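See structure below.
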């Protein structure tokens with residue numbers, strides 16, 4: 001039986017089949033009853049009996065995500081490998097060292113080489129069809145690079161640039177990051193911190209800004225997840241909280257998300273999360289910068305406006321001249337976020353040079369060209385969790401252990417001590433006090449620290465505490481000791497933050513990450529300590545770390 005609880009662990013062949021089914025069944029499920037001709041065509045295209053297709057449509061209506069369409073399998077799964085590990089290692093080695101060469105040997109030659117290597121090790125050689133199947137599973141572009149060179153691979157496999165025609169709203173959304181050309185200050189002392197990072201999303205058809213996320217942290221899977229959450233969710237409540245009275249209609253699930261090849265866009269959680277919700281991921285071909293032109297022009301437009309703010313670093317040292325960016329900095333990250341929201345709504349209302357009309361008017365036209373309304377996540381909270389970093393963990397008798405911390409909830413009793421299964425555990429690096437556990441049936445459960453007395457902490461704080469313990473030669477798995485070090489660190493950082501810029505930066509990141517978490521309050525540093533410049537001297541591992 002296929003495990004529907006963990007989309008990251010599903011066999012690739014089974015997952016690709018479910019994704020292909022989702023694209024067809026989504027259209028059928030939107031019609032009641034489905035068109036007979038279209039229904040019969042779907043039966044032929046998917047190779048399904050009518051009764052089975054009805055079952056899948058019902059399953060999809062109950063849970064409109066790709067994993068609901070995973071086929072139950074009996075016996076050996078398609079594409080699984082049943083050869084001993086020693087023979088698989090011989091095959092892999094022969095393919096990498098012999099077959100992937102500029103001499104371009106045939107499969108017959110590969111078979112002879114595999115036989116030779118198996119004979120040396122006293123192993124039974126595999127048949128010719130097995131080697132053919134292994135070669136067929138290799139990515140064609142990768143194989144062409146190895147056997148004919150990179151130039152031949154680009155000419156044969158890379159798409160030919162052409163006109164990029166997008167007609168419908170949210171048909172294609174582009175996402176990218178940029179380091180903002182302004183220095184922000186902390187909220188407590190209003191002293192300079194750093195340049196923040198901005199993740200922007202644009203709807204290509206209308207040039208409407210689909211969403212954004214502003215942070216002090218470098219780009220990561222988390223910043224991508226939060227930007228996607230912002231582009232999908234309605235903006236009305238968020239705008240109201242900022243006191244902005246305007247319409248920002250961009251919301252819903254995009255058909256395609258277009259990104260570059262950065263590692264945060266290629267995580268398994270990103271790929272499977274997008275496919276789970278029927279979103280296609282499109283990566284920018286290497287060496288083809290025009291494929292991301294829309295988002296890059298939007299970034300340029302936003303940074304041009306930022307250059308008018310106090311503390312701007314401008315686009316270059318030449319443009320900055322004698323301007324004191326650090327000394328002139330004045331805006332907190334919250335104030336910059338508010339300003340960006342206002343700037344984006346102003347941009348929506350102004351005539352766009354390429355379109356000839358404002359983006360908000362272009363959105364209304366592009367939305368009118370859609371055959372069906374935009375889809376919304378059927379489970380908004382589950383949608384957010386699907387894009388968070390995750391890992392697999394066994395449920396021990398005393399709970400789940402992650403990062404040397406222990407988590408427990410009575411619901412875990414069902415799986416405690418079972419050694420035959422691992423559960424998928426998602427976590428938010430901004431607050432490790434709660435993780436999200438998926439049951440074998442696909443249900444999500446929020447599970448908190450086993451010791452509820454522990455305060456909420458960030459992943460950055462945890463890593464720094466472990467660095468200190470490692471330096472001191474202490475055990476990294478001592479949970480109480482980890483929290484004791486974190487409390488010690490917080491006191492030192494808050495005391496040092498009046499003078500030490502790095503301490504203020506870390507304090508601001510911590511307070512923003514845990515802002516709104518029940519029981520957490522930002523600490524007022526109070527009067528300046530006597531030796532604040534040296535207070536962190538004996539504490540290693542203080543440098544800022546990225547969230548994974």
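Read-outs: derived from the displayed coordinates by stated rules, not from any lab. Just so it is clear, the structure is predicted and the values come from calculations on it, not from any experiment. Counting neighbours? That spans all protein chains shown, and the Cβs are built from the backbone with ideal geometry, glycine included.
Structural remarks
- When peptides 90-101, 217-228, 378-389 are ranked by their average number of other Cβ atoms within 10 Å per residue, the highest-first order is 217-228, 378-389, 90-101.
- A crude spin-label estimate for the pair residue 283 and residue 38, with each label 7 Å from Cα along the Cβ direction, gives 3.3 nm.
- Here each label is just a point 7 Å from Cα along the line to Cβ, and for residue 179 and residue 136 those points are 4.9 nm apart.
- Distance between the modelled labels on residue 422 and residue 371, one decimal in nanometres: 4.2 nm (7 Å Cα→Cβ projection).
- Per-pair calculated FRET efficiency, R0 = 25 Å: residue 316 and residue 351 via Cβ, rounded to 0.05: 0.30
- Burial order of peptide ranges 48-55, 326-333, 294-301 (average beta-carbon count within 10 Å, highest first): 294-301, 326-333, 48-55
- Segment 12-69, relative contact order [Cα under 8 Å, separation at least 6], %: 45 percent
- Listing 270, 303, 394 from fewest to most neighbouring C-beta atoms within 10 Å gives 394, 303, 270.
- Segment residue 51-residue 484, length gained on full extension (0.36 nm per residue, minus Cα span): 149.8 nm
- Efficiency of FRET between residue 439 and residue 121 - r from beta-carbon atoms, R0 45 angstrom, step 0.05: 0.55
- Gained length - residue 409 relative to residue 256, 0.36 nm times residue gap less alpha-carbon distance: 51.3 nm
- Neighbour counts of C-beta atoms inside 10 Å place 177, 189 in the sequence 189, 177, starting with the fewest.
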